[in-house]
Each structure stands twice: as C-alpha cells, then as structure tokens.
Amino acid sequence: MIGIVDYNMGNLRSVQKAFDRIGAPAKIAANIDAVAACRKLVLPGVGNFSKAVNILKSNGLFDELNRAVKIRKVPILGICLGMQLMADFSEEGGVNGFGWIKAQVSRFSFSQKNLRVPHMGWNRLLIQNDNTLFKGIDPDNFYYFVHSYYIKCANQGDVLSETDYGNTFVSAFRHENIYGCQFHPEKSHDAGLKILKNFADL
Amino acid sequence: MLSKRIIPCLDVREGRTTKGVKFKNNIDIGDPVEMALLYYEAGADEIVFYDITASHEKRDIMIDVVRKVAETIFIPFSVGGGIRTLEDMRDVLLAGAEKVSVNSAAVKDPEIISKGAEAFGSQCIVLGMDVKYVGKSEKIPSGYEIVINGGRTYMGIDALKWAKDGQQLGAGEICLNSIDADGTKDGYELTLTELISSAVDIPVIASGGAGRPEHLYDVLTAGKADAALIASMVHYGTYTIAEIKSFLDERGVKVRASW
C-alpha cells in the first residue's frame, strides 16, 4: 500500500484523489504505526521548511521516515516541500532536512531579471534521465510549480530533470529509493498523473 | 521558461454557475463541476471559482462543489467570494482547493492575509482586488481606488498601495479585477494592470474585460500580467481555450500549448 505522509503541512486530498484516478489507491499515513505499515511512501507538503521539520520531529515521524527510507529501503516520492525536506540543509529557517540526498535548498533571487517569486505556474522539464519517473513521458509536457526555494544537488548523477527559471534548477531527482519532484504531479493534468503511475508501478 | 496562464472564472451561486454584467443580471449557465471538467480537458491552466452565494448559511453548498471538483480535475483551482475568516479558508483548502482568495474581508481586516499566509502558506493566499478609476487625487495618487460590494462601496484606499501592502502582508498572488472593464468585452484595463504588475514581485492575474484573444495578448504583454482570467468569451462557446492559446503561441507568448 502507498502511504501519503500527513504532517499537517497542506492538503493531501488532491494527492490521494490523483492516486485513486490512476488505479493505485493510497492511504493517508498520519502516525508512526501507519508509516511503518507502508511499502511505498509519498511525502507531500507546502509551506515553511523549518516548521515542517519541527512538526515531523515532534510527532516522531522524522525518525520513523528515516527508518523506512534508510533501513527498510521503501521507495519514497517527495513533492514540492516534501522534496526539499530530503536535502541536507535549507536556507529557509537555516535547518537540516533528512539528508537523504546530497543537496542544499536556496531561495530564488532575481535582482536583475525581473522574474516573480514564487515561481508559480506551468513550466517544462529538461529531462536528463527517463528510466524511472519519466518513462514514456512526452518531453513537451508542462508541469505545475509553485515554490520560492529550489534545490541544488551535489551529484549531477542524481538529477532526473532540470527546469529553466532565470537559471536552471533541479526539478526532479532520484537517489537509490529516494525520488523527488519540485512540481506538483497531482496538479499537472495527464502528464503529472503519468508520473504518479510510474512511481506506483516501480 | 514559465508559461502564461489562461484561467476560466466561474461565478457560482448556490451551487450553479452564473454570469452577469457588472455583477448584475445573473443567469444560470450550468453545473460548475461539469464546466470545470470541460475546461480541464480543453486546456485551462487553472480555474477560479467565485462564490456569489448571498447567504453565509448556504456556504456548505460551495464546499460540496469544491470537494467534487477536487475529485474531478487535476490542475490547480482557487475559490473566492465570502471568505471572511481563517475557518472559511481552512474549509475551502481542506475540501481540495489549491488557493483561496480574499477580497473585501482583507480590505476591512488586512490581518486576515498575514494570518492566512502564516497558517497555510503564502502560496495559498490570493489577494483579490476590485478596482475603479476615480482620477488622481491626494488621497488616491494612482487614480485607482479599491471598491467592494461589486463596485458600490468606495473604500478610500489607493489600489497601488493596497497591492504593495498585500504582498508585504504575505499574499502569494494578486487577482486584479477592473470593475470598469468587467463584462464589457472591450479588453482588460491595461494601464491598471501594468501599474500593479510592475509594482509587485508576486504574480498578477488580470481580470475583467476579456472579449477576444487580442485582449489576452495585450494584457499578457503590454499589461505585464502573468495570467489572464476569462469568462463569457469561453462560457458561450465564442472561443475555445485551444484557439486562444494558439493565437497567443503564434505571436510569441509562451503558453502551455499541449496537455
């Protein structure tokens, strides 16, 4: 069963409905026992990085997720803030994340370019590796983004896709059983549902 | 590169979509969930629902609509109209909306923006602004004044200042509606849109006045808007979203051309 980790950082209903739609039902996992029972996990979330870390540490899910991902090697998909939480460190609050992937999270800063922050709307992926999440994906598709911080991976080999906004940033990565996407596949029409299907089929 | 968004707007009263001119003469044009699905399949980048149900007691009808929409379409959508409290925001977001827009409640109590942003994140909070041109004065230096009650009540607040204040308070986006242009099909208020878009860092959705694809081209280029709201030009089948997008695409405006 796929478990969608609920730690009070945003609405999970759309993620759950998207898995329903692709025929891979997922349940909400809001406590240690529920997470421990899942064989595949989705870590969604919108909002503030340090607030998310605080909640996960105070309710015990931080340690349980570490066990699931590092010991049980459960495949996990981080979405948006959930993806950023997988990194070593974020400028947002200046705190450490899970450190499952060698990466840092920084805020967009466009002093010269007159670009909006947040990066909000539909953008493309420059796909670097289409073996897993992006299997069978049309490279012309667009995906829905909404974020003010972005991730920088230390190892280019972990990068699945980049996206152009001012500069290019990492829009999806994979490291062993750990997957992340900055965009919202559950809000990205058929193209996004296909990515969730690819994850469900792993 | 980020694409410009084309956003159909559905006015919903007691669970049915309506369309009026300058907030008057509303007529029933369909089921909001069915219309959302049609626009989803037709290439809408996002959908805005504006609840014009008069009675606060009947708000549960809208929550039910939001819930059904969230099961049906997989693109972002926002809900505005009658949002007064954090509890109203929470109800809409938990029912599955991506964003919630506050308008007159924020004018009366600006703290609702900061409280909403704190509780749910800035990306959820859209500041809806209804604006009328009143001429430049000492009190309204830009000449554009904030109005509420569908344009009937002037609030004595300069629209330019209010947009900047809204961003400062934590709004993640502005939906800028010109009451003068609304329902005219003569085009968006370009001067106003350019003024506000240039003054804030957050995205701006232009609203009011769309009648032809050229109007969207104008507001997304000269008006510097990030997104354009449309209603009657698609509600009655005058144009499809695909036609509007190919018009824009051919003229070099980046849009999500395939879906």
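The values are calculated or read from the model by the stated rules, or taken from the named source; none is laboratory data. On a predicted model such as this, the values are computed, not experimentally measured, just so you know. Note that each Cβ is placed from the backbone with ideal geometry, even for glycine, and that neighbours are counted across all protein chains shown. Surface accessibility is based on the protein's heavy atoms, side chains included, excluding ligands, DNA and RNA. Shrake-Rupley method; radii C 1.70, N 1.55, O 1.52, S 1.80 Å.
Some notes on this structure:
- Residue count for segment A:128-164, restricted to those that are outside any strand (DSSP E or B) and either among the aromatic types (F, W, Y) or more than 9 Å from chain B (Cβ to nearest Cβ) (or both): 16
- Filtering segment B:168-196 to residues that are assigned to a helix (DSSP H, G or I) and more than 29 Å from B:E214 (Cα to Cα) leaves B:Q168, B:L169.
- Listed by first and then second residue, the pairs linking a residue in segment A:9-31 that is hydroxyl-bearing (S, T, Y) to a residue that is assigned to a loop (DSSP other than H, G, I, E, B) and crowded, with 20+ Cβ neighbours inside 10 Å, with Cβ atoms under 7 Å apart and 6 or more places separating them unless they lie on different chains, are A:S14/B:G96.
- Meets criteria (touching a residue at least 40 places away in the same chain (Cβ under 8 Å), open to solvent by 40 Å² or more (accessible area, probe 1.4 Å), within 14 Å of another protein chain (Cβ to nearest Cβ) and among the acidic types (D, E)) for B:D64: yes
Residues are listed down the side, and each one gets a yes or a no for (1) basic (K, R); (2) in a loop (DSSP other than H, G, I, E, B):
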{"residue": "B:R67", "(1), (2)": "yes, no"}
{"residue": "B:R84", "(1), (2)": "yes, yes"}
{"residue": "B:G116", "(1), (2)": "no, no"}
{"residue": "B:A119", "(1), (2)": "no, no"}
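Conditions (1) under 17 Å from A:C181 (Cα atoms); (2) open to solvent by 60 Å² or more (accessible area, probe 1.4 Å); (3) in contact with a His (Cβ under 6 Å, 6 or more places away or on another chain), marked per residue:
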position	(1), (2), (3)
A:V53	no, no, no
A:F62	no, no, no
A:M83	yes, no, no
A:M86	yes, no, no
A:V95	no, no, no
A:F98	yes, no, no
A:Q104	yes, yes, no
A:F110	no, no, no
A:N114	no, yes, no
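- Consider segment B:27-47 and keep the residues that are β-branched (V, I, T) and away from every other protein chain (no Cβ under 14 Å). The one that is surrounded by the most Cβ atoms within 10 Å (Cβ to Cβ) is B:I29.
- Identity of the residue in segment A:1-51, open to solvent by 10 Å² or more (accessible area, probe 1.4 Å), outside any loop (DSSP other than H, G, I, E, B) and farther than 21 Å from B:A95 by Cα, that ends up farthest from the other protein chains (Cβ to nearest Cβ): A:A36
- Selection count, segment B:93-139, where residues are closer than 14 Å to B:L176 by Cα and aromatic (F, W, Y): 1
- Here B:D226 meets the list (1) surrounded by fewer than 20 Cβ atoms within 10 Å (Cβ to Cβ); (2) of a type in the set (D, E, K, R); (3) under 14 Å from the mean Cα position of the chain (by Cα) almost entirely, failing just condition (1).
- Unique match (being closer than 21 Å to B:P32 by Cβ and either open to solvent by 60 Å² or more (accessible area, probe 1.4 Å) or not hydroxyl-bearing (S, T, Y) (or both)) among B:E111, B:E87, B:E98: B:E98
- The residue pairs whose first member lies in segment B:242-259 and is away from every other protein chain (no Cβ under 14 Å), whose second member is part of a helix (DSSP H, G or I) and small (G, A, S), and whose beta carbons are closer than 6 Å, counting only pairs six or more residues apart or on different chains, do not exist in this structure.
- Extreme residue, nearest to A:N198 (Cα to Cα), among residues of segment A:165-181 that are part of a loop (DSSP other than H, G, I, E, B) and touching a residue at least 60 places away in the same chain (Cβ under 8 Å): A:N177
- Failed item, numbered, when B:I202 is tested on (1) within 13 Å of chain A (Cβ to nearest Cβ); (2) touching a Gly at 6+ places or on another chain (Cβ under 8 Å); (3) closer than 20 Å to B:R256 by Cβ: (3)
- Test: residue in segment B:119-137 that is farther than 19 Å from B:C9 by Cα, among the aromatic types (F, W, Y) and either out of contact with any strand residue (DSSP E or B) (no Cβ under 6 Å at 6 or more places or on another chain) or open to solvent by 50 Å² or more (accessible area, probe 1.4 Å) (or both): yes
- Which listed residue is in a helix (DSSP H, G or I), away from chain A (no Cβ under 14 Å), over 27 Å from A:I22 (Cα atoms) and small (G, A, S), from B:A106, B:A54: B:A106
- Taken over segment B:204-223, the criterion of being crowded, with 24+ Cβ neighbours inside 10 Å and either hydroxyl-bearing (S, T, Y) or not in a loop (DSSP other than H, G, I, E, B) (or both) is satisfied by B:V204, B:I205, B:A206, B:S207, B:L216, B:V219, B:L220.
- Qualifying residue in segment B:123-132 (condition: of a type in the set (D, E), within 21 Å of B:S78 (Cα to Cα) and assigned to a loop (DSSP other than H, G, I, E, B)): no
- Apart from one condition, A:N114 fits all of (1) in a strand (DSSP E or B); (2) polar (S, T, N, Q); (3) within 14 Å of another protein chain (Cβ to nearest Cβ); the exception is (1).
- In segment B:167-180, residue nearest to the chain's Cα centre (by Cα) [restricted to those that are surrounded by fewer than 24 Cβ atoms within 10 Å (Cβ to Cβ) and more than 11 Å from chain A (Cβ to nearest Cβ)]: B:I179
- The single condition from (1) free of Cβ contacts under 8 Å to residues at least 12 places away in the same chain; (2) under 17 Å from B:Y50 (Cα atoms) that B:T153 fails is (2).
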